[in-house]
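Notes follow once the structure below has been shown.
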Amino acid sequence: MKRIILSLVFVLGGMLAMQAQSKELQTKKQTQTTELQQQKNQNLSTQSNTPIKQAPGTKSLEQQVVVDPVKVPAPVKNFVSEKYKNSSIQKASRNSKGVYQLEVLGSDNVVKTIFVDEKGREMTAPQVLSH
């Protein structure tokens, strides 16, 4: 009888230890996930007003500012959804004249660079420079 009771004590003690370890691991995972999310949010917030560097040998009249694709105006989003079905805006930047340079990932997994003004009208590169 003593052996049975002693065996039960060991089994219950082992189960409690395993449960405590499980909770500790779960807490660690939640902490790591929270830290990663905070870093990601911080990177997005510092990135939102970061000027894009000009490639050597190219001409530009305007400095581009990175814009969060979620914060692109509705007319621009509408243009992209109508003209490029099943596509998504991957990167966006805007110049001081309100022209957006968008990198759009199409349903064929090809990224296209397009220019759209804030009213949702597509523009070509020469129009962007003269706009």
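None of the figures in this text is laboratory data; all of them are computed from the coordinates on show. As the structure is a computational prediction, the values presented were derived from the model and not from experiment. Every residue, glycine among them, receives a Cβ derived from its backbone with ideal geometry; neighbour counts consider all protein chains shown.
Here are the numbers:
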| item | result |
| --- | --- |
| Environment charge of residue 30, counting only residues whose C-beta is closer than 13 Å and scoring Lys/Arg +1, Asp/Glu -1 | +1 |
| Listed peptides 95-102, 4-11, 111-118 by packing density, highest first (mean Cβ within 10 Å) | 95-102, 111-118, 4-11 |
| Cβ-placed point charges (K, R +1; D, E -1), dipole of the range 65-130 about Cα centre in debye, nearest 20 | 100 |
